[in-house]
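The values are calculated or read from the model by the stated rules, or taken from the named source; none is laboratory data. In this text, all values refer to a predicted model and were calculated from it rather than measured experimentally. All Cβ positions, glycine included, derive from the backbone under ideal geometry; neighbour counts span all protein chains shown.
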Amino acid sequence: MKTMIRMFILTALTIGLFIVGCTKDEMNTGKMMIKMTDAPANFTEVNVEVQEIQVHYANNNNTNGWVTLNTNAGIYNLLDLQNDVSVVIVDPQNLSIGKITQMRLILGQQNTVATTDSIYPLKLASQDETGLKIVTPFNIVANKTISILVDFDAEQSVVVEGDGSFRLKPVIKIKSVEYY
């Protein structure tokens, strides 16, 4: 009987220390990381300027729903991201727990496509202003990191116009979502 009481007290103390050791912020945040990859395409290079990534929370009136992530902005050659190669475009960062309803990638104007002949600018529609929305709900979970792999399909995203110019009509999908 004394052994059972000691075990109960020891267990209660261990749980109590764990709860005291966790701060309120740790219990109300999770982490998010976003990576980008690509499938093969018939170009020499497809360079896309990623300026910013935002996520939209359901029912978050404090931020009008949208939160800007700490984006590794830059120009990325999508063709370097083939055969299971990816690049981290958002390092793991703390976010409030909750349901994310969509992501938005804001692209810049420094987008180009290279063929064996030359390098051509890639025209955008309004992606540099409104961004590319990816509607796939997922949750930010307390004390977990969500890793999202975005597949930016260069082959389907580059369109040759009638006048011989090139337009970027991004085809993007979520390839994987993992929690760890």
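Would you be able to say whether some residue in the range 129-140 is farther than 22 Å from K35 by Cβ and modelled with pLDDT of 90 or more? No; the residues of the range 129-140 include none that is farther than 22 Å from K35 by Cβ and modelled with pLDDT of 90 or more.
Table: residues versus (1) modelled with pLDDT of 90 or more; (2) within 13 Å of the chain's Cα centre (by Cα); (3) crowded, with 17+ Cβ neighbours inside 10 Å.
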| site | (1), (2), (3) |
| --- | --- |
| P92 | yes, yes, no |
| S96 | yes, no, no |
| L107 | yes, no, yes |
| I119 | yes, no, no |
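Filtering the range 34-84 to residues that are of a type in the set (A, V, I, L, M), farther than 29 Å from T116 by Cβ and assigned to a strand (DSSP E or B) leaves I34, I53, V55, V67.
Annotation: of all residues in the range 95-136 being assigned to a loop (DSSP other than H, G, I, E, B) and in contact (Cβ under 8 Å) with a residue 60 or more places away in the chain, the one that is nearest to E178 (Cα to Cα) is I97. Exactly one condition in (1) assigned to a helix (DSSP H, G or I); (2) at pLDDT 90 or above is false for K31; which is it? The failed condition is (1).
Within the range 52-76, residues that are closer than 17 Å to M33 by Cα reach partners that are at pLDDT 90 or above and assigned to a loop (DSSP other than H, G, I, E, B) with beta carbons closer than 7 Å, at six or more positions or on different chains, in the pairs E52/A73; I53/L69; Q54/L69; V55/L69.
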